[in-house]
1. Mind checking which residues of region 253-294 are part of a strand (DSSP E or B) and over 21 Å from Y209 (Cα atoms)?
2. For region 232-264, which residues satisfy the criterion of being closer than 21 Å to G199 by Cα, buried (at least 16 other Cβ atoms within 10 Å of the Cβ) and more than 16 Å from ligand 2 (Cβ to nearest atom)?
3. When you scan region 142-226 for strands (runs of 3 or more DSSP E) that lie fully inside it, which ones turn up with 3 or more residues that are within 23 Å of V27 (Cα to Cα)?
4. So which residues in region 1-33 are of a type in the set (A, V, I, L, M) and within 13 Å of ligand 1 (Cβ to nearest atom), if there are any at all?
5. Report yes if L75 is within 16 Å of ligand 1 (Cβ to nearest atom) and either assigned to a helix (DSSP H, G or I) or open to solvent by 80 Å² or more (accessible area, probe 1.4 Å) (or both), otherwise no.
6. From V3, V86, which residue is β-branched (V, I, T), away from ligand 3 (no atom under 16 Å from the Cβ), in contact (Cβ under 8 Å) with a residue 24 or more places away in the chain and not in a helix (DSSP H, G or I)?
7. Specify the residue that is farthest from F4 (Cα to Cα); the eligible residues are those in region 262-281 that are over 17 Å from the mean Cα position of the chain (by Cα) and of a type in the set (V, I, T).
Amino acid sequence: MRVFKFGGASVKDAAGIKNVQHVLQTVGYEDVLLVVSAMGKTTNALELVIKHYFDKSAELNAAVQEVKKYHNQILLDLFEDENNAVFTAVNEQFADLEYFLAHNKSPNYNFVYDQVVSYGELISTTILSHYMNFMGMATQWLDVRNFVKTDANYRDAEVDWELTQANISKNVKRKTLNITQGFLGSDPNNFTTTLGREGSDYTAAIFAYCLNAESVTIWKDVPGVMNADPRYFENASLLNQISYREAIELAFYGATVIHPKTLQPLQKKEIPLYVKSFINPLLQGTSVSKGVDLEPYLPCFIVKRNQLLISLSSIDFSFIMEENISEIFALFHQFKIKVNLIQNSAISFSVCVEDKFDNFNALNAILSKKFKVDFEENVTLYTIRHFNDSAAQTVEANKTVLLKQVSRETMQVVTKEV
Ligand code: ADP
Ligand code: ASP
Ligand code: MG
């Protein structure tokens, strides 16, 4: 069985959905499990709904209507006949969402977040599945929440592999076209959970692992994994073949083309990962598999924007040592702040972090009691794997370099635009 994943960009409008159907016709779909994300920027649009909900804003209803209108236009473009059952099915999902917003009593932001954003994937897979049927391709629509079981850590749930494996082995049918949602799971009480933003690639890997799939293909709007994000770097070139190790490194440092959690389950069972273009499905793309990387390495550029550079120094000139550092890290963990780079000297300690959940102010209040805290917001972290002089010059040109760290294969630079 093969596992395919189609992300938001591939299903952002009716033409995109027609193209997915065309890709499946081209590459075959008989023994396939399809993992699909929310359409286009729907997850962001639902985040706005959640914001208005908690702000008790009068704009809540308008935000919901916006999401509805977007999907409705796609439905009208795909299905001429408004009596097609898909209209009722999608309307029912929106009615469920509105019912939740009207009746929910939980003040837990992360819980509410997961219950609401999940409609993005539930609706996209409903539309896709109906469209495939309409085009004569029989599908099995699976509610991923009956398969991927997680803990109750909303917005960043951890997979319970044992239960998930049992559900998938027992209940996923082979020799058919299965369609399911990326990014979602459910907790022990069957409430919806999510695996972290951009988590649909990971869902594909979870199914592939549990099904012992022959391969995973993630279909993207780029030709494959390139040596830089082509949005920011002209002349980015395709990497035809890379090892799991190199892919994990690239994803870990922030090459967003593959979600970092995707590689580990695949590597464990040596399931190859193909990253291919949904625009040209017959092109080779990138193959990620066991083995040695093809030499020579091209320098690979990875950019993380919107970082926060924090420097802690001791107030009384004492050293920052193991005890302090472990305490500081425990706090980062507690406040869900992700550390992307660490550098320390005798009396100071610098970290470049990502504060996805907006917790830095609360953390700073605690840290400031013990340390002198300096921070610089909105900095950029560049990572160059397999760097050379000219690669380093490219990223440092016209910028203020705030911090730099060099190891054998990797150079990292924190910069501020001037
Ligand atoms: P999806 O639709 O599956 O969510 P994403 O938008 O998350 O797809 O990932 C594809 C995007 O990743 C590309 O449009 C590209 O801008 C970006 N990207 C970042 N780094 C790389 C890289 N090294 N190679 C190719 N694309 C990259
Ligand atoms: N829809 C989710 C997101 O935008 C998951 C994904 O696309 O992978 O984060
Ligand atoms: Mg994405």
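1. To start, the set of residues in region 253-294 that are part of a strand (DSSP E or B) comprises 273-277, 286-289.
S277 - this is the single residue of region 253-294 that is part of a strand (DSSP E or B) and over 21 Å from Y209 (Cα atoms).
2. Y244, E246, A247, I248, E249, L250, Y253
3. Working: elements: 177-181, 184-186, 192-194, 215-220.
Because the criterion is at least 3 residues that are within 23 Å of V27 (Cα to Cα), the strands (runs of 3 or more DSSP E) in region 142-226 that meet it are 177-181, 215-220.
4. Of all residues in region 1-33, those of a type in the set (A, V, I, L, M) come to 1, 3, 9, 11, 14-15, 17, 20, 23-24, 27, 32-33.
Those that are of a type in the set (A, V, I, L, M) and within 13 Å of ligand 1 (Cβ to nearest atom): A9, V11, V20.
5. Details: within 16 Å of ligand 1 (Cβ to nearest atom): no; either assigned to a helix (DSSP H, G or I) or open to solvent by 80 Å² or more (accessible area, probe 1.4 Å) (or both): yes.
Criteria not met by L75.
6. Values: V86 fails: not in a helix (DSSP H, G or I).
When all the criteria are applied, what remains is V3.
7. Among those residues, the one meeting the criterion is I279.
Results for (1) in contact (Cβ under 8 Å) with a residue 40 or more places away in the chain; (2) touching a His at 6+ places or on another chain (Cβ under 9 Å); (3) within 16 Å of ligand 1 (Cβ to nearest atom), shown as yes or no for each residue.
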{"position": "Q181", "(1), (2), (3)": "yes, no, yes"}
{"position": "G185", "(1), (2), (3)": "yes, no, no"}
{"position": "N189", "(1), (2), (3)": "no, no, no"}
{"position": "V225", "(1), (2), (3)": "yes, no, yes"}
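The values are calculated or read from the model by the stated rules, or taken from the named source; none is laboratory data. Everything numeric in this text was worked out from a predicted model, so none of it was measured. Cβ atoms come from the backbone with ideal geometry, glycine included; neighbour counts cover every protein chain shown. Heads up: the accessible areas ignore ligands, DNA and RNA and are worked out on the full protein's heavy atoms, side chains in. Shrake-Rupley method; radii C 1.70, N 1.55, O 1.52, S 1.80 Å.
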